[in-house]
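Asker: Below you'll find the structure I mean.
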Amino acid sequence: MVMILRKKEQIIEHGYRVASLAKKLAQKIGLSEKEIDYIYLVGLNHDMGKKYLDFKILNKKEMITQKEDVYKKMYVLLSTSIAIEKKMPLYVIKGIMHHCENFDGTGYPYNLKGYKIPIQSRIIRIIDAYDTLMTDNCLNKNFDIQKIIEIMDEEVNNFDINIYLKFKEMLEVDSRNLKKLKVINE
């Protein structure tokens, strides 16, 4: 029971991190305040369907079967259904529904490609990948920011390149600001 509660906490914490970074990225690319607020909601809620799936399968590190892969991907539709049930704005629902679509058309659940993927989903796709790599949810490895960017650069076909470049700029600015704070505090 404790493990299940911890996993649910991790989903919520991940949602907050994704929402915060997605909001910052949406501001950087110049979206309207309303879109920025909605993107924050997408970030908070994009993985809420995972709370209803078996965590042993969701977090399985070894090779998964085709059946398990289909099962794991169900969370997107569950998250979408929950958003509809909660009467969230359509912009938010679409953001949640398509946040696992890849820019090159290899994502899921609908294999959308390019600009057919809503902008809110393209933003969340980048931030979600970053946070997953950053927080040790992936293959039990701990990566520094430079290694994460290298991994993401290798998978750049998954992302809208224009938004991804803005994301990298945002990280660079944050990194410079952290270095300045470190010097001031020494």
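Asker: Sequence neighbours fewer than 8 away in the same chain don't count; with that in mind, list the lysines whose C-alpha is under 19 Å from Lys60.
Answerer: Lys7, Lys8, Lys50, Lys51, Lys72, Lys73, Lys141
Asker: Now, a different point. I need Thr135, Thr65 ordered by Cβ neighbour count within 10 Å, fewest first. Walk me through the numbers before you get to the answer.
Answerer: Details: Thr135 14, Thr65 10.
The fewest-first ordering by Cβ neighbours comes to Thr65, Thr135.
Asker: In the stretch 1-101, which GluC sites (Glu not before Pro) fall in coil by DSSP and have 16 or fewer other Cβ atoms within 10 Å?
Answerer: Here the sparse-neighbourhood loop sites are Glu62.
Asker: Give, rounded to the nearest 20 debye, the magnitude of the charge dipole that the chain has about its Cα centre when Lys and Arg contribute +1 at Cβ and Asp and Glu contribute -1 at Cβ.
Answerer: 400 debye
Asker: How many angstrom lie between the Cα centre of the stretch 78-147 and the Cα centre of the stretch 4-42?
Answerer: For the stretch 78-147 versus the stretch 4-42, the Cα centre distance is 11 Å.
Asker: Also, I was wondering about something else. Given only helices, namely DSSP H runs of n ≥ 4 each adding -39500 (n - 2.57), what is the per-residue ellipticity at 222 nm of the chain, to the nearest 500 deg cm²/dmol? Present the calculation step by step, with values, prior to reporting the outcome.
Answerer: On the way: 8 runs with 123 residues, N = 186.
Result for the chain, helices only: -22000 deg cm²/dmol.
Asker: Treating cross-link reach as a plain straight distance, find the lysines whose alpha-carbon is under 20 Å from the alpha-carbon of Lys168, omitting any fewer than eight places away in the same chain.
Answerer: Lys23, Lys24, Lys28, Lys147, Lys179, Lys180
Asker: Here's another thing I want to ask about it. Cα extents of the chain along the three principal axes, largest first, in whole Å?
Answerer: Sorted largest first, the three principal extents are 50, 35, 30 Å.
No lab work stands behind these numbers, since they all come straight from the coordinates. A quick note: this is a predicted structure, and the numbers were derived from the prediction, not measured. Note that each Cβ is placed from the backbone with ideal geometry, even for glycine, and that neighbours are counted across all protein chains shown.
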